[in-house]
Amino acid sequence: MYAKLVFRNARRSVKDYLVYIVTMTICVTLFYAFLSISSSYYNPDIGSEYDFTLLSDGMKAAICMITLLLIFLIRFVNHYMLRQKQKEFAIQSIMGMEQKTIGRIFFAETLIMGMISILIGIFFGVFCSQFITAMLLTAYGRPYEISWTLFPDTVLWTVVFFVISFLMVGMFNTRTIQKTKIITMLSAEKENEPKLGKSRWIFVMAIIFELFTVWALITGVIKALFFYDSRFPIPVQLMYFGNILFPAVTLGWSFLWLFQKKKWDAQKLLCGLLACSVFNTFAAVSVPALTNQYYLPLGNGMLRQYLLYALVDLLFFIGALIYLASSFIVIWKEKSPEHRYKEENLFFLGQITSKLNTTSKTMTLICITLVLAIFLFIAAPILSGWAFGYLGARSMYDVQVFSRYNNVYEEKNLPQDNYEIITDFFATHEIDTAYDCTFSLYLPKKADFHNRIKYDFPVVAISLSDYNVIRKMLGYEQISLGENEFITQWKTIATEEERNSFIAEHTSVVTDGGTLNISEQSYSDEAMGETLYNSYTDVLYVFPDKICEELLPVMRNRYIITTKKITYENARELERLFTAEYPEQAESGVAYGVRFSTLQTNSAIANNFILQTGMIYGAVVLMVICLTVLSLQQLLDAGRYKYRFSVLRKLGVEEQRIHKLILEQLSVWFGLPIIAAIMVAAVVIGYFIQTISAEISAYIGFTALMLQIGVTVGILGILLLCYFISTWVIFRRSVNS
Amino acid sequence: MNTILKLEHIQKYYGDGGNITKAIRDISFSVEAGEFLGIMGASGSGKTTLLNCISTIDTVSAGHIFLEGIDVTEIKPKSLARFRRGNLGFVFQDFNLLDTLTISENIALALTINHTPAGSVEPRVLEMAEKLNISDILNKYPYQVSGGQKQRCACARAIINNPKLLLADEPTGALDSHSSQMLLSTIQSINAQLRATILMVTHDAFTASYASRILFLKDGEIFMELRKGNDSRNAFFDKILNVLTIIGGGQSHVC
């Protein structure tokens, strides 16, 4: 009998469950699509030089972590359904059905709806996974082919994950139904706004903010005492003073408020703190920014500490802004009767302030989550572009052997080898080389051999002939030098200012073989790999061969380009043999290293792909959660709104005006957290881009970056529009019904 | 005395085909300016349907309703809202106040919807609050005041636009006897001092005794009309009770 009731209910109330089914389907689709590439049946054609297993485990872990967030959403949607159906439950219990049974029926209904969602979700997931495959194949530089396959293990994973979450949430719901009193259920729809009082959570946030401000002030004072120098440029001086002044003003304001507590209300305190948090953020953010620019001697720990301050300031800013938003509206309302008493404005402002008062905590959480989502969306392409660009700069040769002398203290221990092990391996495995160059890097002055201070590491030199062989390998033009001349070779990451100032200071170099002058063509900045330079330096001297013969060779490298790509297995094997003979830290103190473009590319692509898909998946999940919660928050109250709009109707307001009011209300509801989030995200992203601007211009390019950001913003806009329109349609329908 | 409201052979049917319910069979009456008319009847007698038709919330199946000469059954649906806010005031059993607004804002809303200039909103609200004795609760929210105060606020909202007709649907339905008494005195004073025309629907004899004329409905028709004339309220109340006894079914119905 009950089974019949469950099925009949489910069939009849598909419309009621629409929100539930849609949300669940989105969750299942995302989950399935992203998880499908970690399936053991998934075997895209990415070429023999790549190994795919590296990717799947990392991917699985990343997706499962992020998916835990979805449980929160499932719980929220269930809560919404529970509220919707409370009146029905009340009638059933009045008729004599036990609450336990009602709970079970509801559980069975949601489970049926959940199963339907899983089916639809997997169907859509198969489509969506095509996008991910396309992304993957592009990452490995392969043409894209469609393959429609259902992966049994992914299906199993998806079903198991969602059924377990349904069971968990379902049990929770059954308990809630059992515990709710009939009278509460019966009056659920009529129930008014709980109370127009505000919750006190913001004051907890304010106390945390104050504590951090005290810490920031102490740090600021200590930093100024130890590191301040009056010769610093003005921005740096401002930074030092700002980081003392603004925290001090923040605390001062709080003390002033404590003394005036009887006269001033808490909102005044919060307004002041809100303004202070903005200044504090800028002061804190300026520390890492200026440290990068002016090479200030502040450690990484200190920079992280200031980023933490900035983060706390921003979080407080979001919280306080949303908490005070309704107060700002009230003040504005008080001050301008002409706006207050204009048509239905009174009603509209009342709607907004009452909703803001009761949900400021949720709004703040939504806003913070949105900031995170936007940041992930924008940072994902930046980070992956960076990694790929860097990969290009690192793996320019099929095999790169390099050595470091950082821990060698006697000249006789310096590396001299020609790394014949590679030649032998190539001979046995019939690998032909197109170019092969073994060369030394020299110290201009032998006296610098013992100079091991990190900030003053000597720049090494390469002989012109070796340099030209490498240039030929990479397809660059040959260069020539006059008698007693040298040029400089630069890393891609080095900035123009660095280069110019170095060249200006080093127009001539004193070496053990005589003094050399800089050639007319003073530098070359084509990418030539990272292992060509000495540790901690971005520049390499190129000296005539004759001079190099008289210098001390300190490092021995070998670069090879093969005619065919080395396979993944061969590369692994050679890597193993090489490291057995030339360990990363030999007894002589020399550090050897070998890099294969095959292995580098493989691990870089895999890691990069995990990073990128993980971030995008996370961002989409967070975004969906935020938008769903925002939209459900409005729909949850549709009953209450129906009553309010019916009062307006009775008072003689036209339907057209009511529709306009609904649109305005939803715009504010969606607009406020989104605008606040965009504001904060803009600061965070601006700061992020600024700190890695050197890497961006070296490896990605700003035009490409702007294009990526544009596409991301477009996608976000479409997602937002979809949610907004569907909420609007459902809202209008429920208010009009 | 001039006639404000005139109903001519109003009929209202629900349902279709062979299954028709006649909520109002044939009702005609008129209301003079400044009159306080009560409409009484048992549940299902058609009194709420009648009120809905007069207030243009529902349409009639046949007949005409004239408010100051304008046939409201002929007004286009688009113009109905404007007509309602310009000519009618409402008081409902469950107050219909907005809990997001203070008492004064609730009253002001009726003015602002009617495009009253911003400068004159506050003085008018204060003046009305003074008359209805709710000045000291103006800045409170509906959930902070008693039922009687809420209903007086609803009255203030209903009459602040000087409507031609004030429609009250069971105004004391949700109030205790003391609050009811106070509210009814208020409504009576609105009628007497502000010369407002009031049409009140109720099934409570005590409430109805405040009216100057009462129409009794039964099965969708006017069963009887009772005028207070020069009677005291007590005498009028007794008369009402007598009529109710007759409507409730005479001895013949008790077996």
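No value in this document is a laboratory result; all are computed from the given coordinates. Nothing here was measured: the structure is a model prediction, and the numbers come from that model. All Cβ positions, even for glycine, are placed from backbone atoms using ideal geometry, and neighbour counts span all protein chains on display.
Data table
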item	result
Flagged links, alpha-carbon separation over 31 Å, of A:Lys268/B:Lys140; A:Lys261/A:Lys642; A:Lys262/A:Lys335	A:Lys261/A:Lys642
In sequence order, calculated HN-Hα J values of the stretch A:3-8 (Karplus, 6.51, -1.76, 1.60; Hz; x Gly/Pro)	4, 4, 4, 4, 5, 5
Degrees separating the helix A:99-139 axis from the principal Cα axis of chain A, which is the longest one	30 degrees
Inter-chain shielding of A:333-343 (mean C-beta neighbours from other protein chains, 10 Å cut-off)	4
Debye intensity ratio in log₁₀ form over the Cα atoms of the stretch A:567-637, taken at each q of 0.19, 0.20 Å⁻¹	-0.85, -0.88
Whole-Hz ³J(HN,Hα) from phi, Karplus 6.51 cos²θ - 1.76 cosθ + 1.60, for the stretch A:536-543, glycine and proline x	6, 10, 10, 9, 9, 8, 10, 10
Shape box of chain B [Cα atoms, principal axes, largest first, Å]	60, 44, 36
At 1.002 mPa s and 20 °C, Stokes diffusion of the stretch A:318-449 via Kirkwood alpha-carbon radius, µm² per second	94 µm²/s
Spatial separation of Cα centroids for the stretch B:117-191 and the stretch A:598-617, in angstrom	70 Å
Computed [θ] at 222 nm, helices only, for chain B once each DSSP H run of length n ≥ 4 contributes -39500 (n - 2.57)	-11000 deg cm²/dmol
Residues with amide H under 5 Å from that of A:Ser524, placed H, sequence gap 5 or more	A:Thr488, A:Gln489, A:Trp490
Computed over chain A: relative contact order in percent, which uses C-alpha pairs under 8 Å that are six or more apart	18 percent
Percentage, to the nearest whole number, of Cα pairs in the stretch A:248-307 over 15 Å apart	58 percent
Stretch gain in nm, segment A:Leu156-A:Glu498, where the contour uses 0.36 nm per residue and the Cα spacing is subtracted	117.5 nm
Other protein chain Cβ atoms within 10 Å, averaged over every residue that makes up A:346-357	4
Normalised per residue, the volume of the convex hull around the Cα set of the stretch A:201-335 (Å³)	119 Å³
Cα point-scatterer Debye curve for the stretch B:4-101, base-10 log of I(q)/I(0) at q = 0.18 Å⁻¹	-0.96
Along chain A, longest interval not containing exposed GluC sites (Glu not before Pro), exposed being DSSP loop plus at most 13 other Cβ atoms within 10 Å	A:192-409
Shape metrics for the stretch A:1-191, restricted to C-alpha atoms - Rg then Dmax, Å	20.5, 70
Under DSSP loop assignment and at most 15 Cβ neighbours within 10 Å, longest trypsin sites (Lys or Arg not before Pro)-free interval of chain B	B:1-139
Chymotrypsin sites (Phe, Trp or Tyr not before Pro), loop per DSSP, at most 10 other Cβ atoms within 10 Å - longest free stretch of chain A	A:296-737
With Cα atoms, 0 to 90° folded angle of helix A:152-179 axis to chain A main axis	40 degrees
Residues with amide H under 5 Å from that of B:Ile4, placed H, sequence gap 5 or more	B:Val31, B:Glu32, B:Ala33
q = 0.05, 0.08 Å⁻¹: log10 I(q)/I(0) that the Debye formula gives for the protein assembly as shown, counting C-alpha atoms only	-0.51, -0.98
The stretch B:66-95 and the stretch A:560-582: distance between their alpha carbon centers, rounded to Å	90 Å
Residues with amide H under 5 Å from that of A:Thr433, placed H, sequence gap 5 or more	A:Thr563
Cα centroid of the stretch A:443-494 to Cα centroid of the stretch A:304-355, whole Å	61 Å
222 nm mean residue ellipticity, helices alone, for chain A (DSSP H n ≥ 4; -39,500 (n - 2.57); rounded to 500)	-23500 deg cm²/dmol
Integer Hz, Karplus 6.51/-1.76/1.60 couplings in order for the stretch A:443-458, x for Gly and Pro	8, x, 10, 4, 4, 7, 4, 8, 7, 10, 6, 3, 7, 10, 5, x
Calculated Rg and Dmax of the stretch A:399-564 using C-alpha coordinates, Å	16.1, 51
Angle between chain A longest axis and helix A:597-636 axis [Cα atoms, degrees, rounded to 10]	20 degrees
